[in-house]
1. One residue is enough: does segment 352-371 have a residue meeting the conditions within 15 Å of ligand 1 (Cβ to nearest atom) and either outside the structural domain of Asn145 (by TED's automatic domain parsing) or aromatic (Phe, Trp, Tyr) (or both)?
2. Answer yes or no: is there a residue in segment 373-390 that is over 24 Å from Ile279 (Cα atoms) and in contact with a Pro (Cβ under 7 Å, 6 or more places away or on another chain).
3. Condition first: open to solvent by less than 50 Å² (accessible area, probe 1.4 Å) and more than 19 Å from Glu238 (Cβ to Cβ). Now tell me which residues in segment 365-384 satisfy that.
4. For segment 246-284, which positions are touching a strand residue (DSSP E or B) at 6+ places or on another chain (Cβ under 9 Å), open to solvent by 10 Å² or more (accessible area, probe 1.4 Å) and within 16 Å of ligand 1 (Cβ to nearest atom)?
5. Can you tell me how many residues within segment 171-186 are closer than 30 Å to Pro154 by Cα and open to solvent by 10 Å² or more (accessible area, probe 1.4 Å)?
6. Just to be sure I understand, how many residues within segment 301-313 are touching a Ser or Thr at 6+ places or on another chain (Cβ under 9 Å) and either within 20 Å of Asn253 (Cβ to Cβ) or open to solvent by less than 40 Å² (accessible area, probe 1.4 Å) (or both)?
7. Tell me, yes or no, whether segment 261-279 has at least one residue that is of a type outside the set (Gly, Ala, Ser) and closer than 23 Å to Phe401 by Cα.
8. What about Arg343, is it closer than 30 Å to Val55 by Cα and in contact (Cβ under 8 Å) with a residue 60 or more places away in the chain?
Amino acid sequence: MTKKYFIITFGCQMNKSDSERIASLLELMGYKPAQKINRADLIVVNMCSIRQSAVDRVYGKIFDFAKLKTQNSKLKTVLTGCILKKDRQKFAQKFNLILNIKDLTKWPLPLIMSDRTLLEENYLNIKPKYQTQFSASIPISNGCNNFCSYCVVPFTRGPLVCRDHRKILKEVRKVIKNGTKEIWLLGQNVDDYQSREINFAKLLKMVNDIPGDFWIRFTSSHPNYFSDELIKTIGECEKVTPYLNLPVQSGDNKILKKMNRPYTVARYKKLVKRIRKEIPGIALSTDIIVGFPGETKKQFENTKKLFKEIKYDMAYIAQYSPRQGTAALKLEDNVSQKEKNRREKVLTKILEKTALENNKKYIGKIINILPTKHKNGFLTGKSFHYKTVKLKGKKDLIGKFIKVKIIDALPWGLKGKLL
Ligand code: 5AD
Ligand code: SF4
């Protein structure tokens, strides 16, 4: 009987993209996807360690596995993804195998031997089993050299390794040929990309030059590497969508310094100004950490001020979580849970206001949408500016660009009408 696999993915878009490569490798090895977890012979957990809450969720799963193993004694469990050293030891007793995602090309050895998959050197070159046909996540790099003082990524994923631009372009061409309408170029730091003489701006331009009707999105960026050349390129490339996640992390210079984020609030604001000038109407999102060690009320007020000034469209607000191996671990995590909750709420409230204000500008406008979901007679999808749009419509419009008139705005999205 064919063996079946089930993958559980936690965390960021990069992890989701990695899971697509895991799926494809397992299928090369003869596995088939299990529709339900209790039908699986192999469960792969692709985990995230960015915050403790993510790690705790994996512990929750282990409990379920013990039950599943009583039903299927041959069940194998594999843990991969971003794993901290100290957790590795603990998880080693709970999982049959812990495998590094970077060694994905060598997984068949510990699983079952398969020669074909051993040919590639870089795991990113394994062709993924894309989750959807109309949106494809394509990694351009892996790892990070920045060592922000709170972050585990440089430890779990290692130093920045950029993929050869020719391999990236080849993958893009292939998915476009197969009908993909949205390309996500992924990396922890896409704007730090460099492969031979090709930097991220040049890579964007090359992807933009590929013929076809599709959108190009990318994440994540670091304010320090966001060059004028890149801003100009985004403005000029008609397929590159006017949406940017530009993590600021804090609106206070002292905290930024303690975070090892090498820019000041003034520099960040200037950068946003330049971006908005060159790319009018661009939608901006950010990542923020509240309750970093030693963050005073006054320092948080600075973040609040910046938040109000920038008027973000979206923000990923996280409460500081101490992580093993990071420089910030030496600092006392002295902002109380209650105060972290409060700070998160304050920012969420501001975001609700600014996002709604920004969204209202779309009312009455006709825009393009790429619907990706259908439920109860309603389609949802994203606009060119990465706004969530909901409208009445049929399922067969999924994965096709459609023209929609915006009739209402909410803080978290837009309501539209099919034209
Ligand atoms: N605690 C809280 N948030 C964190 N992030 C990264 N590390 C931590 C941490 N230790 C957030 C940052 C980053 C996003 C991916 O996760 O805001 O941009
Ligand atoms: Fe982590 Fe900083 Fe690298 Fe982003 S830039 S992955 S926050 S170390």
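1. Checked segment 352-371: no residue is within 15 Å of ligand 1 (Cβ to nearest atom) and either outside the structural domain of Asn145 (by TED's automatic domain parsing) or aromatic (Phe, Trp, Tyr) (or both).
2. Here is the first cut: in segment 373-390, the ones over 24 Å from Ile279 (Cα atoms) are 373-380, 390.
From what is left, the residues that are in contact with a Pro (Cβ under 7 Å, 6 or more places away or on another chain) are 379-380.
Yes, the conditions are met somewhere in segment 373-390.
3. Pro371, Gly377, Leu379, Thr380, Gly381
4. Residues satisfying the conditions are Gln249, Arg261.
5. Result for segment 171-186: 3.
6. Number satisfying all stated conditions: 8.
7. yes
8. Numbers: closer than 30 Å to Val55 by Cα: yes; in contact (Cβ under 8 Å) with a residue 60 or more places away in the chain: no.
For Arg343, the condition - closer than 30 Å to Val55 by Cα and in contact (Cβ under 8 Å) with a residue 60 or more places away in the chain - is not met.
The values are calculated or read from the model by the stated rules, or taken from the named source; none is laboratory data. Remember, predicted model here, so these are calculated numbers, not experimental data. Positions of Cβ are generated from backbone atoms using ideal geometry, with glycine treated the same way; all protein chains shown enter the neighbour counts. The accessibility values were calculated without ligands, DNA or RNA, using every heavy atom of the protein model including side chains. Shrake-Rupley method; radii C 1.70, N 1.55, O 1.52, S 1.80 Å.
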